[in-house]
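What follows is one structure encoded as structure tokens, with my remarks underneath.
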Amino acid sequence: MNIKILVAAHKNYKMPADQSLYLPIFVGKALHPDVNHTFIGDNTGDNISAKNAHYNELTAIYWAWKNLDADAIGLVHYRRYFSPKRQKDLNQILSKSEAMALLADHDIILPTKRHYYIETNRHHYLDAHHAKPLQLTKQIIAAKYPAYLPSFQQVMARRSAHMFNMFIMRKQPFMEYCTWLFAILSEVEQKLDISDYDTYEARVFGFLSERLLDVWLAQHANYKTVEVPFVFMEPQNWFKKGGSMLLRMLKPKRV
């Protein structure tokens, strides 16, 4: 089985040794042509590389959807990997043999869910971001993909989610997911004015897609999924992250 796992990066960084499995890709290459000349760029073929400031790692996923031929396609981050052994070591991350074994019985590999015990996915999004993008997404799903609306509402009411736009999918679900995802995001993009968004909030389409993955999965329960632990390769300041989350929750909801 030919499996390609994109490793999204926006700067030079150490990469996994097995590059028959892991494919380093420089995201936003159209915006930063001189930063890296080693990784493949997301600006070749059919691409949205120039939109990286708003789409985040989705520019890599879009590039793979349009340009990469493989039996299974996935995405991780240069500082965040699947790691069955939960080891922060590039030599201990998901191997090709492990990926093949998982995909022999499943269609989709996902990171373990993140749990938000004190708030729903909807409130978690609204505590961190402007409300308008999520409202528009719901409206577009209701108008163009009404069969998905119950799944959207169900996912928004949950207190856990598969985050980071990380996954590995067999080709068929990958192609189906990308077709659906980018159609929705394209319409949100056409209707949403982000001219007054700061640099962080301007990454809106990447934030939305993190929630939409579970919507699509809920609607396509026929695909068999399996969760695999993931690790941050660099130390995380969880005290700072927790404090930031509490501050966001205390702020008035944004529009």
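The values are calculated or read from the model by the stated rules, or taken from the named source; none is laboratory data. All values derive from a computational prediction rather than experimental measurement. Don't worry about glycine lacking a Cβ; one is built from the backbone with ideal geometry, like all the others, and counts go over all protein chains shown. Accessible surface is based on the protein model in full, side chains and every heavy atom, while ligands, DNA and RNA are left aside. Shrake-Rupley method; radii C 1.70, N 1.55, O 1.52, S 1.80 Å.
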Only one residue in Ala50, Ala30 is small (Gly, Ala, Ser), assigned to a loop (DSSP other than H, G, I, E, B) and in contact with a Ser or Thr (Cβ under 9 Å, 6 or more places away or on another chain), so which one is that? Ala30
Which condition number in (1) under 28 Å from Asn67 (Cβ atoms); (2) of a type in the set (A, V, I, L, M, F, W, C); (3) open to solvent by 10 Å² or more (accessible area, probe 1.4 Å) is the one that Leu149 fails? (1)
The correct count of residues that are over 16 Å from the mean Cα position of the chain (by Cα) and touching a residue at least 24 places away in the same chain (Cβ under 8 Å) in region 86-117 is 19
Mind checking which residues of region 122-153 are under 19 Å from the mean Cα position of the chain (by Cα) and basic (Lys, Arg)? Arg122, Lys138
Residue among Ile25, Ile61 that is part of a strand (DSSP E or B), at pLDDT 95 or above and either touching a Lys or Arg at 6+ places or on another chain (Cβ under 8 Å) or open to solvent by less than 60 Å² (accessible area, probe 1.4 Å) (or both): Ile25
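Suppose we filter region 73-83 for residues that are in a loop (DSSP other than H, G, I, E, B) and open to solvent by less than 50 Å² (accessible area, probe 1.4 Å); how many remain? Outline the logic, then answer.
Just the residues of region 73-83 that are in a loop (DSSP other than H, G, I, E, B), to begin with: 78-79, 83.
Within this subset, residues satisfying the condition of being open to solvent by less than 50 Å² (accessible area, probe 1.4 Å) are 78, 83.
Total satisfying the criteria: 2.
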For Ala99, are the conditions met, namely being closer than 21 Å to Met175 by Cβ and surrounded by fewer than 23 Cβ atoms within 10 Å (Cβ to Cβ)? yes
By residue number, the members of region 164-192 that are in contact with an Asp or Glu (Cβ under 9 Å, 6 or more places away or on another chain), in a helix (DSSP H, G or I) and open to solvent by less than 10 Å² (accessible area, probe 1.4 Å) are Pro173
Name every residue in region 203-228 that is assigned to a loop (DSSP other than H, G, I, E, B) and of a type in the set (Lys, Arg), in order of residue number. Lys224
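Starting from residues that are over 16 Å from Thr112 (Cβ atoms) and touching a Lys or Arg at 6+ places or on another chain (Cβ under 7 Å), keep the ones in region 193-236 and report whichever is surrounded by the most Cβ atoms within 10 Å (Cβ to Cβ).
Met233
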Pairs under 7 Å by beta carbon, first residue closer than 11 Å to Leu21 by Cβ in region 68-82, partner open to solvent by 20 Å² or more (accessible area, probe 1.4 Å) and not in a strand (DSSP E or B), six or more apart or different chains? Ala70/Asn2; Ala70/Lys171; Ala72/Met1; Ala72/Lys171
Is region 108-126 home to any residue that is among the β-branched types (Val, Ile, Thr), in a helix (DSSP H, G or I), open to solvent by less than 30 Å² (accessible area, probe 1.4 Å) and touching a helix residue (DSSP H, G or I) at 6+ places or on another chain (Cβ under 8 Å)? no
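Can you go through Asn36, Asn91 and tell me which one is surrounded by 14 or more Cβ atoms within 10 Å (Cβ to Cβ) and either in a strand (DSSP E or B) or out of contact with any Cys (no Cβ under 6 Å at 6 or more places or on another chain) (or both)?
On the way: Asn91 fails: surrounded by 14 or more Cβ atoms within 10 Å (Cβ to Cβ).
On inspection, the qualifying residue turns out to be Asn36.
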